[in-house]
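> What follows is a single structure, and I will ask about it in a moment.
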Amino acid sequence: MKVSEILANSTKPYPSIEIVPPLRGITKDELLESIAPFMEFSPKYINVTSHRDEFEYREEADGSFSRHLLRNRINETTVCAAIMSRYDVAVVPHLICGGCTKEEIESRLDNLEFLGINNIVALRGDSMSGEKRFTPTPGGYRYANELVEGIRQYQGSAAYQRKRKMESEDGTSGTDDRYFCIGVGAYPEKHFEAANIETDILNLKKKVDAGADYIITQMFFDNQIYYDFVEKCRAAGINVPIIPGLKPLSTARQIDVLPEAFSLDIPLELTQEIEKFKNDKDAVYNIGTEWCSMQCKDLLKHGVPAVHFYTMGKSKNIVNILKNCF
Ligand SMILES: Cc1cc2nc3c(=O)[nH]c(=O)nc-3n(C[C@H](O)[C@H](O)[C@H](O)COP(=O)(O)OP(=O)(O)OC[C@H]3O[C@@H](n4cnc5c(N)ncnc54)[C@H](O)[C@@H]3O)c2cc1C
């Protein structure tokens with residue numbers, strides 16, 4: 001089912017989860033077992049993030065350079081196919097502009113369509129490690145709104161077009177530029193490259209105007225920031241659902257790492273509490289879980305349509321939050 005249909009038909013808010021594809025070496029069963037704890041809560045869909053392979057160039061004795069794969073993950077489409085082989089849950093692969101030409105994106109869409117996957121989160125992707133700013137791939141997309149437009153223009157693989165043609169000969173249907181339901185990302189505390197939040201929201205609107213069906217936010221730790229952001233988006237004419245994204249803090253180090261990595265604030269009350277217990281791992285873990293549960297309950301009270309959880313390879317704390325809130 002498409003996320004847009006799930007959003008339209010849900011009678012109460014629901015949780016969704018996001019996983020990161022594993023690095024090479026993990027088996028399919030291990031991956032599926034790692035998701036099992038969430039399935040008890042019947043998430044409506046599981047998002048799978050997308051990552052560029054990372055390469056290193058080594059100088060050879062003759063002065064030439066050879067390219068070596070440093071790190072790669074099982075790709076998001078493969079992970080989605082694995083999830084579908086065991087669980088009855090919708091999957092939402094992320095698709096990034098970075099590292100792909102438009103033709104390669106089209107080929108990925110063919111693969112998704114082949115598997116019957118009709119949900120996507122369309123993103124620009126981050127810059128490569130070592131690069132300060134995102135550089136578009138020659139022949140690729142520069143911004144996520146262009147990617148959304150490209151996905152909307154996608155008319156399906158050859159087989160899909162044949163089927164559509166047959167249907168239209170029957171008089172039932174023509175080509176379908178809404179085959180994919182598209183989600184996009186947003187930043188309640190502003191994307192780090194944007195000059196100001198207003199410009200960032202205008203750029204977010206470009207994604208919606210290009211055909212995005214809904215929005216998922218970056219994590220935040222103060223709900224008021226999300227409520228203010230939604231209000232600004234509505235005032236700017238963005239009318240699609242804006243799903244809040246949450247991640248519980250799980251280590252004391254994250255109060256330094258997350259603000260830098262995701263360009264966000266962590267409230268003083270939370271940092272002070274964590275500082276107090278910074279040498280007690282369990283206490284920090286519990287504080288992070290409780291804070292996130294408190295955020296989730298408050299969001300539900302405010303009538304959000306869904307809450308999206310960034311699991312980042314952790315299940316215990318998210319499972320506890322789901323138990324507390326859903
Ligand atoms: C829910 C969510 C999921 C994510 N999943 C992944 C993932 O799976 N893999 C991954 O690598 N990263 C992921 N990210 C991170 C994301 O790729 C980065 O934050 C990236 O830097 C921006 O992506 P975007 O799609 O928001 O970019 P864009 O919407 O293209 O915005 C990027 C910047 O450019 C500006 N901008 C946008 N459009 C225009 C325009 N037309 N003209 C001028 N300026 C413009 C924006 O204001 C912003 O500052 C995710 C982020 C979120 C919120």
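> Kindly work out what percent of the DSSP beta bridges joining two residues of the chain are antiparallel, to the nearest 5. List each step's numbers first, then the result.
Working: 7 of 35 bridges.
Taking every DSSP beta bridge within the chain, about 20 percent pair in antiparallel fashion.
> Ignoring everything but the protein chains, give the 1.4 Å probe accessible area of residue 163 in square angstrom, nearest 10.
Roll a 1.4 Å probe over it and residue 163 shows about 100 Å².
> Something else now. Just list whichever of 2/28; 132/190; 232/323; 28/314 have alpha carbons separated by over 28 Å in the model shown.
Violating the 28 Å Cα-Cα cut-off are 232/323.
> A further question follows. Looking only at region 1-105, where both bridge partners belong to it, what percent of the DSSP beta bridges are antiparallel (to the nearest 5)?
Details: 7 of 14 bridges.
The answer is about 50 percent antiparallel.
> Based on the Cα atoms of region 130-273, what semi-axes does the equivalent ellipsoid have, where each is the square root of 5 times one gyration tensor eigenvalue, given in whole Å with the largest first? Provide the component values of the computation, followed by the final result.
Numbers: eigenvalues 272, 61, 45 Å².
The equivalent ellipsoid of region 130-273 has semi-axes of 37, 17, 15 Å.
> Ignoring ligands, DNA and RNA, please state the percent of accessible area on region 235-281 from carbon and sulfur, probe 1.4 Å.
On the way: 1280 of 2660 Å².
Here carbon and sulfur together make up 48 percent of the probe-accessible area.
> From the P(r) of the chain, can you give the percent of Cα pairs sitting at distances over 27 Å?
Working: 25226 of 52975 pairs.
Everything past 27 Å amounts to 48 percent.
> Still on this structure, I have one more. Mean-square fluctuation check for the chain, GNM, Cα pairs under 10 Å: which of 86, 73, 124 is largest?
With Cα springs under 10 Å in the chain, the top fluctuation among 86, 73, 124 is at 86.
> Among the aspartates and glutamates, which fall within straight-line cross-link reach of residue 301, defined as a Cα-Cα distance under 17 Å, with same-chain neighbours fewer than 8 residues apart omitted?
By straight Cα distance, residue 301 reaches 222, 228, 231, 290.
> Considering only C-alpha atoms, what is the centroid distance from region 28-58 to region 296-317, in Å?
Each part reduced to its Cα centre gives a spacing of 18 Å.
> Return the long-range amide H neighbours of residue 121 (sequence gap of 5 or more, or a different chain), with a cut-off of under 5 Å between placed amide H atoms.
94, 95, 183
> Short version: ³J(HN,Hα) in whole Hz for each residue of region 255-263, in order, from phi by Karplus 6.51 cos²θ - 1.76 cosθ + 1.60 (θ = phi - 60°), x for Gly and Pro, what are they?
Using θ = phi - 60°, the values come out as 5, 9, 6, 5, x, 6, 5, 10, 6 Hz.
> OK, next. With each pseudo-label sitting 7 Å past Cα toward Cβ, what's the residue 195-residue 178 distance in nm, one decimal?
Each label point is offset 7 Å from its Cα along the Cβ direction, giving 3.6 nm.
> Toward the positive end of the charge dipole of the chain, about the Cα centre and with charges on Cβ (Lys, Arg +1; Asp, Glu -1), which of 233, 181, 70 goes farthest?
The one lying farthest along the dipole's positive direction is 181.
> Continuing with the same structure: Taking the solvent-accessible surface of protein heavy atoms with a 1.4 Å probe, what is the per residue accessible area of the chain in Å²?
Value returned for the chain: 51 Å² of accessible area per residue.
> Follow-up. Which whole number of Å³ per residue matches the convex hull of the alpha-carbon atoms in region 45-117? Let's see the in-between values first.
Working: hull volume 7.6 nm³, N = 73.
For region 45-117, the hull spanned by Cα atoms encloses 104 Å³ per residue.
> 222 nm [θ] for the chain, helices only, -39500 (n - 2.57) per DSSP H run of 4+, per residue, to 500? Spell out each step's value before the answer.
Values: 12 runs with 141 residues, N = 326.
So the calculated ellipticity at 222 nm is -13500 deg cm²/dmol.
> From the phi angles alone, apply the Karplus equation (6.51, -1.76, 1.60; θ = phi - 60°) to region 299-308 and give each ³J(HN,Hα) in whole Hz, x where the residue is Gly or Pro.
4, 4, 4, 7, x, 5, x, 6, 10, 9
> Binned at 5 Å from 0, what are the whole-percent values of the Cα-Cα distance distribution for region 176-228, short to long?
Once binned at 5 Å, the Cα pair distances of region 176-228 give 4, 19, 26, 24, 15, 7, 5, 1, 0.
> Describe numerically, in nm with one decimal, the distance between label points set 7 Å from Cα along Cα→Cβ at residue 298 and at residue 279.
3.1
> Okay, moving on. Given region 1-93, what whole percent of its Cα pairs are spread farther than 19 Å? Please report the intermediate quantities before stating the final value.
Numbers: 2179 of 4278 pairs.
Value for region 1-93: 51 percent of Cα pairs lie more than 19 Å apart.
> Work out the FRET efficiency for residue 202 and residue 61 from their Cβ-Cβ distance, taking R0 = 45 Å, and round it to the nearest 0.05.
The value I calculate is 0.30.
> While we're here: Using bins 5 angstrom wide from zero, how does P(r) for region 46-204 break down, in % of all Cα pairs?
Answer for region 46-204: a P(r) of 2, 8, 14, 17, 17, 15, 11, 7, 5, 3, 1, 0, 0, 0 percent.
> Under a point spin-label approximation (7 Å from Cα along Cα-to-Cβ), what is the residue 228-residue 127 distance to one decimal in nm?
Each label point lies 7 Å from its Cα, and together they span 2.7 nm.
> Additional query: Quick one: plug the Kirkwood hydrodynamic radius of region 273-326 (C-alpha pairs) into Stokes-Einstein at 37 °C, 0.692 mPa s, and report D in µm²/s. List each step's numbers first, then the result.
Values: Rh = 12.0 Å.
Reported coefficient: 274 µm²/s.
> Which ³J(HN,Hα) values, rounded to whole Hz and listed in residue order, are derived for region 230-244 from phi using the Karplus coefficients 6.51, -1.76 and 1.60 in 6.51 cos²θ - 1.76 cosθ + 1.60 with θ = phi - 60°, glycine and proline given as x?
Per-residue couplings from phi come out as 4, 4, 5, 5, 4, 5, 7, x, 8, 10, 7, x, 10, 7, x Hz.
The values are calculated or read from the model by the stated rules, or taken from the named source; none is laboratory data. Not measured: the values here are computed from a predicted model. No Cβ is skipped: glycine too gets one built from the backbone with ideal geometry, and neighbour counts run over all protein chains shown. These accessible areas exclude ligands, DNA and RNA; they are computed on the full protein's heavy atoms, side chains included. Shrake-Rupley method; radii C 1.70, N 1.55, O 1.52, S 1.80 Å.
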